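S.K.: To start, I am sharing the structure in question, which I have written as structure tokens.
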Amino acid sequence: MCKCLTTQVACCCCNCALSLLLSVIFFIVIALIIIAVACYFGLYKVDDDSELGHVFGTINDLSNKAKDKITN
């Protein structure tokens, strides 16, 4: 492990700075992908007649039944 990271001082070596930068960029990219997928499925308008609409309707029905069983 790099000395500058264990002493919690600003990173002094190029390898540490590069790996830290790549880690931050990778985290941001993964977070953006997760947010984009969530927004796509959250905001996507599904027709009730489509097969996907039927699947979402079934999932909603099952979740409502589970909520009813938990509350009763």
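The values are calculated or read from the model by the stated rules, or taken from the named source; none is laboratory data. Not measured: the values here are computed from a predicted model. Glycine gets a Cβ as well: all are built from the backbone with ideal geometry, and neighbour counts include every protein chain shown.
S.K.: Tell me whether the stretch 7-14 contains one or more residues that are in a helix (DSSP H, G or I), at pLDDT below 85 and either among the small types (Gly, Ala, Ser) or within 30 Å of Ile59 (Cα to Cα) (or both).
M.R.: Here is the first cut: in the stretch 7-14, the ones in a helix (DSSP H, G or I) are 14.
The next check asks that each one be at pLDDT below 85; those that pass are 14.
Filter once more, so that each one left must be either among the small types (Gly, Ala, Ser) or within 30 Å of Ile59 (Cα to Cα) (or both): none.
No, the stretch 7-14 contains no residue that is in a helix (DSSP H, G or I), at pLDDT below 85 and either among the small types (Gly, Ala, Ser) or within 30 Å of Ile59 (Cα to Cα) (or both).
S.K.: Related question: Which of the residues belonging to the stretch 15-46 are modelled with pLDDT under 60 and surrounded by 10 or more Cβ atoms within 10 Å (Cβ to Cβ)? Before the answer, list the steps.
M.R.: The first filter runs over the stretch 15-46 and keeps only residues modelled with pLDDT under 60, leaving 45-46.
Val46, the sole residue that qualifies.
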